[in-house]
Amino acid sequence: MSLSEYAIMFVLVTIMGAGIPGPGDASLIAAGALAGEGKLNIWIVLATAGVAWMLGSVIGFAIGARGGRPLLDHPGRLEGRRRKLLAKGDRAFGRYTFVASATLPAFVSGIFHVRFWLFLLGALTAGIFWIGIYVGVSYFLGAEIAKLVGKIGTKALIGVIVLVVVGLLIRAGVSKWRGARQARLAG
């Protein structure tokens, strides 16, 4: 058990907490599996991940609050689309502030000026949920999942990737169809 594993996880989870895609999820899964094998302390993993998540969330919120709205609300290419997006976000955050701040990336809450205490509550809720899921499942099932993946191999991995891609294509097609339908109904 060295400090480097915790430090790497801290950095990656901070980035994830800010809403920037990266290997933060994988680091939580790895840390949970290592804790399950007794190589890391589960309580230190949970505490480190929780502090990193909240720090990243606050950083993401600050970035969104200071620079996000001006980045989207300016004249230029795609101005109409960006302003429609902002209007839609204003409506959603006006009605579902807590839910939106708990489910969307932290910088989005900053863009739409969610009250800070409410944002912190949403970030805390999301952090407890995601950290608990990733670390908890890998802590209890890490060795079994590693054995299963080793037995199933590359074919299963390719199958999962194909299923995800097909699902995303279907979702994009449905969204495009809904948009065209709404345009026909409106016009």
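The numbers here are math on the coordinates, done by the rules we state, and not lab data. The structure displayed is predicted, hence computed values, not measured ones. Here the Cβ positions follow ideal geometry from the backbone for every residue, glycine too, while neighbour counts run over all protein chains shown.
Among 97-107, 39-49, how do they line up by average Cβ neighbours within 10 Å per residue, starting with the highest?
Details: 97-107: 19.2, 39-49: 17.5.
Descending mean neighbour count gives 97-107, 39-49.
Give me a comma-separated list of calculated 3J(HN,Hα) values for the stretch 162-175, in order, Karplus coefficients 6.51, -1.76, 1.60 applied at θ = phi - 60°, integers in Hz, x for any Gly or Pro.
4, 4, 5, 5, 4, x, 5, 5, 5, 4, 5, x, 5, 4
In µm²/s, what is D for the stretch 1-83 at 10 °C and 1.306 mPa s, where D = kT/(6 pi eta Rh) by Stokes-Einstein and Rh is the Kirkwood radius from Cα pairs?
Values: Rh = 14.2 Å.
D = 112 µm²/s.
Using θ = phi - 60° and the Karplus form 6.51 cos²θ - 1.76 cosθ + 1.60, what ³J(HN,Hα) does each residue of the stretch 111-125 get, whole Hz, x for Gly and Pro?
Listing the rounded values in order: 4, 9, 6, 5, 4, 4, 5, 6, 4, 4, 5, x, 5, 5, 4 Hz.
Using 1/(1 + (r/R0)^6) with R0 = 45 angstrom and r between the beta carbons of ARG178 and ALA62, what's the FRET efficiency to the nearest 0.05? Display every interim value, and only then the final one.
Working: r = 34 Å, r/R0 = 0.77.
Computed FRET efficiency for ARG178 and ALA62 comes out at 0.85.
With runs of 4+ DSSP H residues as the only contributors, calculate the mean residue ellipticity of the chain at 222 nm using -39,500 (n - 2.57) per run, divided by the residue total and rounded to the nearest 500. Please report the intermediate quantities before stating the final value.
Details: 9 runs with 154 residues, N = 187.
Estimated from H runs of four or more residues: -27500 deg cm²/dmol.
Distance in nm between label sites at ARG69 and VAL166, each 7 Å beyond Cα in the beta-carbon direction?
It is 4.5 nm.
Before anything else, pin down the relative contact order of the chain: Cα pairs under 8 Å, at least 6 apart, normalised by residue count, whole percent. All intermediate terms of the calculation are to be shown ahead of the outcome.
Details: 206 pairs, mean separation 47.7, N = 187.
It comes to 25 percent, rounded to a whole number.
Let a ≥ b ≥ c be the square roots of the eigenvalues of the Cα gyration tensor of the stretch 55-122; is it rounded (a/c under 1.5), or, if not, prolate (a/b larger than b/c) or oblate?
Details: a/c = 2.79, a/b = 1.54, b/c = 1.82.
Cα axes put the stretch 55-122 in the oblate bin.
Which of the following values of mean projected area of the Cα convex hull in nm² was calculated from the structure shown: [x] 13.5; [y] 16.5; [z] 9.7?
The calculated read-out lines up with [x].
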